[in-house]
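Before any comments, here is the structure.
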Amino acid sequence: MKAQLLMIGFLLIFLMFLSYQLKLPWIEFFELKTMDMMYSMRGEIHPRDLHTVIVGIDEKSLASFEEGVYSPIKKKVIQDYWPWSREKFAWVIMNLIRAGAKAVLIDVSFTNPSEEDPKGDTLLMSVLNIALNKKVGVVIGTYLINKKQTFMLYGKKMREELEKNTYYLRYAYLMKHYRELELLRPIRVYKVRPPIAKFSMVAPSASYEVGSPDIDGTIRTLPLFIEEVWANETGRLSGFLPHMDVLGTAFYLGEDPIKPVLAVDFKDKVVEIGKDSPHKIPFDSYGLFHILYYGRGRYTFPTVSFVDVYKGKVDLKKFKGKIVLIGYTATAKGLYDLRKTPFSTNEAGIYIHATAVENMIEGKSLTRFPLMFKLIMVTAVLIISGLFFISNNLSLNALSLIMVPILITLGYFMFLKGFYIDVFYPIFSSVVLSTYGIGMNVRKSIQERKRFREFLYRYLDESVADQIMKSGKRELENEKKKVVVLFSDIRGFTSLSEKMDPEEIVSMLNAYFDRMSMVIKSNRGMIDKFIGDAIMAIFGVPFESDDDVQRALKAALEMRRELRKFREETGYDIDNGIGLHYGEVVVGNIGASFRWDYTCIGDTVNTASRVESLTRKVNAGILVTQEVYEKGKDEFVFEYVGDFQVKGKSEKISVYRLVSENE
């Protein structure tokens with residue numbers, strides 16, 4: 001079985017490697033669900049002194065502007081429908097600047113000029129310029145054009161405008177260890193569609209995309225950079241551009257909104273903010289930042305309605321020194337920006353951005369380990385689980401399942417430290433290996449118990465067999481003990497068998513052995529073996545009792561009586577001799593690894609055999625040794641036969657003929 005367990009272990013490791021190489025999703029799906037379980041075990045947390053505040057474009061704001069809100073710019077009540085005049089954004093941003101916000105992220109795209117309110121665009125540009133001069137970084141989200149074919153569908157005039165609007169390239173990353181890029185697989189898009197030039201020239205812009213969800217539809221990562229193919233094709237830059245959340249983090253940390261120092265180190269897989277002692281944000285081989293969620297966004301981050309900031313009906317002190325994110329909330333009907341997270345199936349995207357920004361500022365993330373680490377961990381778990389199967393003890397085997405709570409505990413402990421160890425597949429592998437091992441040992445145990453039961457009921461009296469089975473033993477013990485050994489042999493069998501057909505010989509022997517065996521078993525003796533035409537039986541195993549000798553003597557007398565009946569009923573003219581000796585033997589399971597018998601060995605066995613052979617010499621039916629005589633003389637009648645030299649003995653032994661029981 002050990003070889004089978006080893007093979008299963010290799011198959012499980014190979015299956016994991018193959019699944020990841022072929023990008024088969026099943027392991028990753030369950031790993032992600034295990035990660036969500038860790039979040040559920042931890043529960044929601046509410047950090048103090050958050051750096052982020054949400055200004056929500058919510059149902060309250062949409063309804064209020066539709067009904068009409070007083071405009072401090074136009075000095076009258078104005079009704080407005082989505083998309084709002086950009087005067088609304090200009091005034092809100094201005095209020096945030098006055099409140100002392102350090103940075104503002106706008107999770108809304110302004111990719112087209114306003115036809116209904118061009119003055120609103122001009123006002124917003126002015127406010128963005130004020131923010132730039134006051135070193136308040138206001139970042140506007142950008143739209144991404146993924147394929148060149150899509151870009152070519154735009155009209156010629158639009159394409160020309162987009163090709164001229166390259167202000168966003170000013171914020172491209174500096175690159176370190178560029179050669180290591182070959183080992184990465186970053187997100188590539190053909191072209192960024194930035195805000196209109198009027199805004200782009202005075203405000204940073206960057207992608208607001210949260211990236212693709214995982215295979216279960218949940219957002220757990222965010223791209224720290226994208227590679228713009230168009231910039232590379234036209235020879236302007238390598239085209240590695242930061243995410244909106246990275247720019248916002250940089251401005252919050254004090255980087256100049258005009259020319260922040262941003263670098264991406266492809267060797268160490270970190271984004272660096274700042275020149276001296278840079279603030280580092282890690283990413284994986286896909287350029288993705290792994291978000292460490294706190295809980296549901298609306299219960300984690302302070303949220304203020306957009307219309308309240310516009311009206312000034314909010315304590316502006318709550319924005320002082322904060323990074324403010326403006327975007328849709330879950331209540332903004334018709335403006336769908338909802339995503340699935342480990343804590344919610346309908347989380348507003350702005351809260352995902354807020355979580356990522358908070359992580360980046362705090363230097364937190366959820367680190368996952370590479371495939372090699374996972375393979376090593378699975379191998380180690382399988383080896384440890386396999387150690388529990390060195391023994392066939394089922395209780396020890398079952399302890400292999402302790403790897404499940406150990407792995408869950410280890411995984412949860414590391415999760416609380418910001419590291420996710422992929423524990424699903426190690427648990428799965430351990431359970432598969434343990435279940436197989438336990439199942440095989442249970443099967444083996446059942447088979448052995450069945451064989452043991454058959455052995456007991458075949459060779460022992462039912463009461464003795466029942467006693468052993470009730471004790472729960474699976475095998476009889478190896479031990480030294482004093483027993484009575486009985487040998488019985490058919491006299492003249494060789495010459496008799498020469499006159500009979502093989503079928504008749506076998507039939508006669510089976511009938512004879514059946515009767516003799518019943519007598520031995522009825523006296524609670526154990527039939528050790530059949531040796532040709534001979535029977536060897538033991539009295540005193542597996543349990544000793546005070547009447548072992550008496551039962552053996554009684555069995556010998558009954559065997560002689562049963563022989564007479566057998567002759568009368570079958571007509572076979574056969575006789576037998578019986579020899580008994582009492583002494584110490586070694587009792588145990590003796591034989592080869594593939595076949596063994598519960599038997600006894602020692603001088604007592606040899607002596608009993610020699611005594612039985614004397615029955616022919618002295619023409620006696622039953623002969624016993626001095627040791628048997630001494631223990632049975634009070635209950636049975638004996639006749640002294642004499643002292644004889646037998647093979648294997650240096651001294652003669654005294655032999656007695658058993659006559660009958662005392663009346």
May I ask you to list the residues in region 102-130 that are within 24 Å of Thr52 (Cβ to Cβ), small (Gly, Ala, Ser) and modelled with pLDDT under 95? Ser109
For region 1-19, which residues satisfy the criterion of being open to solvent by less than 90 Å² (accessible area, probe 1.4 Å), assigned to a helix (DSSP H, G or I) and touching a residue at least 40 places away in the same chain (Cβ under 8 Å)? Gln4, Leu5, Ile8, Gly9, Leu12, Ile13, Met16, Phe17
Quick one: what pairs do we get from region 297-325, first residue within 18 Å of His51 (Cα to Cα) and open to solvent by 90 Å² or more (accessible area, probe 1.4 Å), second modelled with pLDDT of 95 or more and among the basic types (Lys, Arg), C-beta under 9 Å, 6+ apart or different chains? Lys320/Lys102
Hey, Phe413 hits all of (1) within 30 Å of Tyr20 (Cα to Cα); (2) in a helix (DSSP H, G or I); (3) open to solvent by less than 70 Å² (accessible area, probe 1.4 Å) but one; which does it fall short on? (3)
I'd like to check something: does region 494-501 contain any residue that is touching a residue at least 40 places away in the same chain (Cβ under 8 Å) and surrounded by 22 or more Cβ atoms within 10 Å (Cβ to Cβ)? no
Need pairs with beta-carbon distance below 7 Å; first residue open to solvent by 80 Å² or more (accessible area, probe 1.4 Å) and within region 622-634, second not in a helix (DSSP H, G or I); sequence gap 6+ or separate chains. Glu627/His581; Glu627/Tyr582; Glu627/Gly583; Lys631/Tyr582
Need pairs with beta-carbon distance below 9 Å; first residue in a helix (DSSP H, G or I) and exposed (fewer than 13 other Cβ atoms within 10 Å of the Cβ) and within region 446-459, second among the hydroxyl-bearing types (Ser, Thr, Tyr) and modelled with pLDDT of 70 or more; sequence gap 6+ or separate chains. Arg458/Ser517
Please work out if Lys617 is in contact with a Ser or Thr (Cβ under 8 Å, 6 or more places away or on another chain), among the charged types (D, E, K, R) and open to solvent by 20 Å² or more (accessible area, probe 1.4 Å). no
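I'm trying to understand the selection: among the residues of region 197-220, which are among the polar types (S, T, N, Q) and either open to solvent by 10 Å² or more (accessible area, probe 1.4 Å) or part of a strand (DSSP E or B) (or both)?
Hits for region 197-220 are Ser205, Ser207, Ser212, Thr218.
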Being surrounded by 20 or more Cβ atoms within 10 Å (Cβ to Cβ), free of Cβ contacts under 8 Å to residues at least 40 places away in the same chain and not acidic (Asp, Glu) narrows Val138, Val127, Val92, Val104 down to just Val127
Can you work out which of the residues in region 20-67 that are closer than 21 Å to Val92 by Cα, touching a residue at least 12 places away in the same chain (Cβ under 8 Å) and out of contact with any helix residue (DSSP H, G or I) (no Cβ under 8 Å at 6 or more places or on another chain) is surrounded by the most Cβ atoms within 10 Å (Cβ to Cβ)? Leu62
Selection count where residues are touching a residue at least 24 places away in the same chain (Cβ under 8 Å) and assigned to a loop (DSSP other than H, G, I, E, B), scope region 275-292: 7
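The values are calculated or read from the model by the stated rules, or taken from the named source; none is laboratory data. Given the structure is predicted, the values throughout are model-derived calculations rather than measurements. Neighbour counts are summed over all protein chains in view; Cβ atoms, including those assigned to glycine, are modelled from backbone coordinates with ideal geometry. The area values use the complete protein model at the heavy-atom level, side chains included, leaving out ligands, DNA and RNA. Shrake-Rupley method; radii C 1.70, N 1.55, O 1.52, S 1.80 Å.
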